[in-house]
Amino acid sequence: FFKQKTAYEITAGAFSSYQEETANVLLTHGVRIGADVPVISRNNLIVQLGGQFWDFAYDLDRAPGSTHPLLNSLGQNGLKTFGLKATVYKPLNEFSFLLIQANADMNGDYSLSEFQSLNYNRYSAAALWGRRPNDYLQWGVGLSRTYRAGELNYIPVILYNKTSLSGKWGTEILFPARGHVRYRVNARSLVLGGFELEGNSYRIGNQNMALAAPFDELELRRSELRFRLNYQRQIVGFIWMSVQVGYRVMYSFNVDAVPEGKDFFRGFFGDQPFAMENSAGNPLYANFSINLVSP
């Protein structure tokens with residue numbers, strides 16, 4: 001479960017015949033459910049399958065007569081993600097390995113009674129070659145196809161996991177997606193501090209927008225950088241709890257026109273114009289979760 005702790009503003013840019021409008025977000029809240037299950041676990045191969053469901057709701061305070069379609073969509077429908085993923089870990093020898101991950105996500109303002117077309121699914125993948133010279137160090141380099149910055153991009157990734165000889169301190173880094181410093185308080189609790197880049201591309205207009213072409217197939221390129229502290233504590237056996245607090249910095253909140261779900265690559269240097277240029281404030285947030293962790 002998560003919620004933002006301070007109010008912030010969303011400014012929806014001028015779009016078609018709609019003028020720019022601003023709304024106060026009084027509360028962002030929702031639920032996240034995820035699972036990862038090993039289906040093959042051998043010394044020479046580990047395969048893990050997983051899934052997730054995220055539901056974001058926006059409580060908006062809007063001016064009388066506000067009609068902007070983006071604000072309508074967020075306030076009435078929120079955003080949802082239903083995703084599936086697979087992870088493969090393949091040792092090549094005693095010291096090197098391959099790590100491959102693939103994701104398929106359905107993101108949008110659809111309802112649970114009427115999913116959107118599979119044409120609008122978004123696919124991510126990463127492949128990494130790494131080294132594990134000893135029990136205290138693991139590093140690797142690779143390439144990813146990702147939507148963490150909101151829109152499609154291809155970027156290099158760097159893995160660096162290190163634990164001190166005492167076992168008290170360590171790092172968990174998969175740059176640029178996330179990076180944390182870890183401190184083990186005792187055998188049953190630990191603290192992590194760092195950041196995570198979180199985002200995806202969400203189809204909006206599944207419900208209550210009724211826009212005419214070419215503005216009827218839109219995707220919100222949502223991405224945020226989360227700076228956070230995370231306290232994890234074993235309750236009993238394989239049941240752990242996690243309390244996370246942090247500060248969300250909105251990296252992207254613009255909208256693209258994506259007819260028939262056929263996405264395009266803008267990258268860092270493309271000049272394709274956005275259908276709608278928006279902005280969103282940066283609130284504090286909190287997250288509480290219960291996790292089932294295999295021994």
Item to check | Residue among Ala23, Ala14, Ala7 that is in contact with an Asp or Glu (Cβ under 7 Å, 6 or more places away or on another chain), of a type outside the set (Phe, Trp, Tyr) and open to solvent by 60 Å² or more (accessible area, probe 1.4 Å) | outcome: Ala14
Checklist entry - So which residues in the stretch 26-84 are polar (S, T, N, Q), farther than 21 Å from Gly150 by Cβ and open to solvent by less than 80 Å² (accessible area, probe 1.4 Å), if there are any at all? => result Asn44, Gln48, Ser66, Thr67
Checklist entry - Would you say Lys90 is open to solvent by 30 Å² or more (accessible area, probe 1.4 Å), modelled with pLDDT of 95 or more and either among the aliphatic types (A, V, I, L, M) or touching a Leu at 6+ places or on another chain (Cβ under 6 Å) (or both)? => result yes
Checklist entry - Which of the residues belonging to the stretch 149-169 are among the hydrophobic types (A, V, I, L, M, F, W, C) and touching a residue at least 40 places away in the same chain (Cβ under 8 Å)? => result Ala149, Leu152, Leu159
Checklist entry - So which residues in the stretch 40-73 are farther than 26 Å from Ala12 by Cα, in contact (Cβ under 8 Å) with a residue 24 or more places away in the chain and not small (Gly, Ala, Ser), if there are any at all? => result Asn43, Asn44, Leu45, Ile46, Val47, Gln48, Leu49, Gln52, Phe53
Next on the checklist: Return the pair list, or none, for Cβ contacts closer than 6 Å from residues in the stretch 136-148 that are under 19 Å from Ser201 (Cβ atoms) to residues that are of a type outside the set (S, T, N, Q) and in a strand (DSSP E or B), at least 6 apart or on different chains.
Outcome noted: Ser144/Ala126; Ser144/Ile155; Ser144/Val157; Arg145/Ala125; Arg145/Tyr154; Tyr147/Arg122; Arg148/Leu197; Arg148/Gly199
Next on the checklist: Tell me yes or no: at least one residue of the stretch 215-233 is hydrophobic (A, V, I, L, M, F, W, C), in contact with a helix residue (DSSP H, G or I) (Cβ under 9 Å, 6 or more places away or on another chain), closer than 21 Å to Tyr110 by Cβ and at pLDDT 95 or above.
Outcome noted: yes
Checklist outcome for this item: Gln244 meets each of (1) in a strand (DSSP E or B); (2) surrounded by fewer than 16 Cβ atoms within 10 Å (Cβ to Cβ) with one exception, condition (2)
Next on the checklist: Taking the criterion of being farther than 21 Å from Asn206 by Cα and either touching a helix residue (DSSP H, G or I) at 6+ places or on another chain (Cβ under 9 Å) or hydrophobic (A, V, I, L, M, F, W, C) (or both), would at least one residue in the stretch 54-74 satisfy it?
Outcome noted: yes
Checklist entry - Which ones in the stretch 273-295 are farther than 26 Å from Trp240 by Cβ and surrounded by 12 or more Cβ atoms within 10 Å (Cβ to Cβ)? => result Phe274, Ala275, Met276, Glu277, Asn278, Ser279, Ala280, Gly281, Asn282, Pro283
Checklist entry - Counting just the residues of the stretch 247-272 that are open to solvent by less than 60 Å² (accessible area, probe 1.4 Å) and in a loop (DSSP other than H, G, I, E, B), which one comes out nearest to Leu60 (Cα to Cα)? => result Val258
Checklist entry - Picking from Gly130, Gly150, Gly170, which residue would you name as being crowded, with 17+ Cβ neighbours inside 10 Å, among the small types (Gly, Ala, Ser), within 24 Å of Asn93 (Cβ to Cβ) and modelled with pLDDT of 95 or more? => result Gly130
Checklist entry - Can you name the residue in the stretch 85-119 that is among the hydrophobic types (A, V, I, L, M, F, W, C) and assigned to a loop (DSSP other than H, G, I, E, B) and, of all such residues, is nearest to Glu219 (Cα to Cα)? => result Phe115
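The values are calculated or read from the model by the stated rules, or taken from the named source; none is laboratory data. Note that the structure is a prediction, hence the values are computed from the model and not measured. FYI the Cβ positions are ideal-geometry reconstructions off the backbone, even for glycines, and counts take in every protein chain you see. Note: accessible area is taken over every heavy atom of the protein model, side chains too, but ligands, DNA and RNA are not part of it. Shrake-Rupley method; radii C 1.70, N 1.55, O 1.52, S 1.80 Å.
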